[in-house]
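Quick notes on the structure that follows.
Laboratory data are not the source of any read-out in this text; all were calculated from the coordinates shown. Please read these numbers as outputs of a predicted model, since none were measured by experiment. When we count neighbours, we look across all protein chains shown, and the Cβ atoms used for this are built from the backbone with ideal geometry, even at glycine.
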2 protein chains.
Amino acid sequence: MAAAFDPKLNDLLAALPAEEMDRLQPLLEPVQMGLGEVLYESGKRQAHVYFPIDSIVSLVYVMENGASAEVAIAGHEGLVGVSLFMGGDTTPSRALVQSAGSGLRIKGSLLRKEFDRGVALRQLLLRYTQALITQMTQTAVCNRHHTVDQQLCRWLLMSIDRLPSNKLVMTQELIANMLGVRREGVTEAAGKLQAAATILYHRGRIEVIDRPKLEGMACECYEVVRKEYARLLPWTVSPKAAAKTAPVEVGGGGR
Amino acid sequence: MAAAFDPKLNDLLAALPAEEMDRLQPLLEPVQMGLGEVLYESGKRQAHVYFPIDSIVSLVYVMENGASAEVAIAGHEGLVGVSLFMGGDTTPSRALVQSAGSGLRIKGSLLRKEFDRGVALRQLLLRYTQALITQMTQTAVCNRHHTVDQQLCRWLLMSIDRLPSNKLVMTQELIANMLGVRREGVTEAAGKLQAAATILYHRGRIEVIDRPKLEGMACECYEVVRKEYARLLPWTVSPKAAAKTAPVEVGGGGR
DNA sequence: CGTTTTCTGTGCGGTACCGTACATAGTAGA
DNA sequence: TCTACTATGTACGGTACCGCACAGAAAACG
């Protein structure tokens with residue numbers, strides 16, 4: 001059980017030099033996160049910064065009329081709660097668990113102290129924050145210019161990059177909430193992907209069966225963000241995504 | 001002429017404690033920025049961090065096919081080039097001067113040194129970065145859910161908040177590039193605003209003549225971002241925008 | 001002054017997505 | 001096994017925006 005919460009399973013923590021890790025380790029506590037759990041409510045101060053291991057957390061903005069849109073996601077490559085060390089303590093967006101799983105957390109005040117003290121930790125967290133900024137700006141661009149079909153591909157890729165397998169548990173309704181579109185739009189887009197033998201899905205379970213094809217159908221946004229994460233945080237590159245950089249030719253792929 | 005480049009004219013620099021300001025001041029050099037000038041090219045490392053005074057700089061992402069979208073803007077309340085102290089050195093987006101004017105700049109390496117050394121400077125820049133993150137996420141949400149009409153209102157408000165008057169020099173073509181929509185869409189939206197006696201425009205010159213009405217027609221995004229800037233950087237609140245918080249009732253305003 | 005360029009206005013067909021309504025099929029519980 | 005619920009599929013009119021084409025008017029330029 002202890003191994004499931006090994007700090008080395010989060011890429012940011014794993015990248016810390018031993019000395020700073022020794023200071024941080026006793027402050028970390030294991031947490032299980034359930035699907036739909038809200039780690040962080042809009043405008044409310046929260047106590048902890050979370051380091052996901054095999055869970056995925058979405059940063060979602062909910063508008064006055066109830067409509068929502070995801071602005072970024074974080075998994076084992078990162079953390080949730082940058083505002084706690086950036087100095088603002090709260091944000092207008094909500095953090096909710098998109099895929100259940102485990103993680104580690106630390107009290108914000110304690111992390112803040114280490115952040116001010118340890119240069120390596122600080123540089124690491126700030127580099128991650130910049131990667132997150134890239135993801136957010138690309139979400140803005142994607143929302144402006146790309147179709148629901150393309151965005152679904154991007155979203156699926158970003159999700160399975162953070163999961164141990166190619167399967168995810170997620171209804172079309174929830175995906176629609178994330179993308180900020182109608183559920184029927186997701187039904188249609190997912191139908192096309194299934195017809196193209198790119199994914200399989202059935203009542204809340206989705207499996208990606210042809211990743212290269214999915215990448216071919218996604219907009220450039222996925223690649224831009226992936227490359228920027230790889231540049232800023234080279235040790236976090238998921239083996240799945242990295243395999244893509246090899247010149248894989250797949251028949252009939254692309255659009 | 002020297003007074004025009006007084007560091008106190010940039011809100012971030014003005015908020016620095018005297019001691020840190022004394023160290024920074026000799027490193028600052030005045031710059032004039034021309035309309036359309038590119039301060040920062042996508043993926044290219046740049047030498048300086050810019051502190052606008054009466055200029056406005058847009059952060060724009062340009063896609064492979066040439067389409068573009070603005071993800072954030074910065075004026076006298078902030079700075080351009082967060083990646084230089086966040087540690088990534090470059091970003092995928094471009095920084096271009098949207099409104100000509102003056103500013104101050106500092107070599108990235110020098111700022112970085114002060115950033116690591118001075119706690120007040122560091123906290124200030126990180127708080128600003130968080131405000132910028134809020135603006136970016138809100139742009140993402142706005143792109144997803146709001147109409148061109150609403151976005152134009154938001155964009156005009158954000159621009160004049162950073163300018164000394166209610167007038168701005170900007171063709172509809174350029175605004176369309178910023179918003180990532182067709183020029184004709186901007187023509188139509190601006191026509192409605194003019195018909196409603198909210199703005200006046202004529203061949204590249206726009207004047208806001210009824211700010212409260214413009215605020216009433218904008219989406220919630222403008223207010224969310226304004227409030228978050230006011231919370232994180234209270235000393236930067238523009239008198240124009242602040243006046244709004246007073247209970248001004250204007251006949252026929254709003255929607 | 002005439003010519004060219006820039007900026008804005010307008011029209012038109014096409015399409016992606018919306019809101020709504022309703023049908024069907026798995027799944028879970030009594 | 002019957003019932004309720006959840007997840008997905010499908011249809012249909014409406015609308016916001018697109019791409020394109022072109023016209024007029026103001027400014028810039030020779």
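In this structure, B:Val148 qualifies as within 14 Å of DNA strand D (Cβ to nearest atom), within 14 Å of another protein chain (Cβ to nearest Cβ), of a type in the set (A, V, I, L, M, F, W, C) and more than 26 Å from B:Pro52 (Cβ to Cβ). Do we have any residue at all in region A:119-140 that's touching a residue at least 24 places away in the same chain (Cβ under 8 Å), within 14 Å of DNA strand D (Cβ to nearest atom) and among the hydrophobic types (A, V, I, L, M, F, W, C)? No, there is no match, as no residue in region A:119-140 is touching a residue at least 24 places away in the same chain (Cβ under 8 Å), within 14 Å of DNA strand D (Cβ to nearest atom) and among the hydrophobic types (A, V, I, L, M, F, W, C).
Looking only at region B:181-234, residues that are within 13 Å of another protein chain (Cβ to nearest Cβ), in contact (Cβ under 8 Å) with a residue 24 or more places away in the chain, within 13 Å of DNA strand D (Cβ to nearest atom) and not in a helix (DSSP H, G or I) come to 2 in all. A single member of B:Glu207, B:Glu228, B:Glu215, B:Glu184 is within 16 Å of DNA strand C (Cβ to nearest atom), of a type outside the set (S, T, N, Q) and either closer than 25 Å to A:Asn143 by Cα or surrounded by 18 or more Cβ atoms within 10 Å (Cβ to Cβ) (or both), and it is B:Glu184.
Only residues that are more than 9 Å from DNA strand C (Cβ to nearest atom) and not β-branched (Val, Ile, Thr): list them for region B:187-204, please. Talk me through it step by step, then tell me what you get.
Start the filter on region B:187-204 by keeping residues that are more than 9 Å from DNA strand C (Cβ to nearest atom), which leaves B:189, B:192-193, B:195-200.
Correct list: B:Ala189, B:Lys192, B:Leu193, B:Ala195, B:Ala196, B:Ala197, B:Leu200.
Taking region A:60-80 as the region of interest, how many residues are within 12 Å of chain B (Cβ to nearest Cβ) and over 30 Å from B:Ala218 (Cβ atoms)?
Quick first cut of region A:60-80, residues within 12 Å of chain B (Cβ to nearest Cβ) only: A:60-72.
Still in the list and also over 30 Å from B:Ala218 (Cβ atoms): none.
Number satisfying all stated conditions: 0.
For region B:1-59, a residue qualifies if it is more than 18 Å from the chain's Cα centre (by Cα), over 16 Å from B:Phe85 (Cβ atoms) and of a type in the set (S, T, N, Q), and the qualifying residues are B:Gln25, B:Ser42. The residue list B:Ala140, B:Ala95 contains one member that is surrounded by 22 or more Cβ atoms within 10 Å (Cβ to Cβ) and either farther than 26 Å from A:Asn143 by Cα or facing chain A (nearest Cβ under 10 Å) (or both), which is B:Ala140.
Against the criterion of being on the phi < 0 side of the Ramachandran plot and surrounded by fewer than 19 Cβ atoms within 10 Å (Cβ to Cβ), B:Asp6 qualifies.
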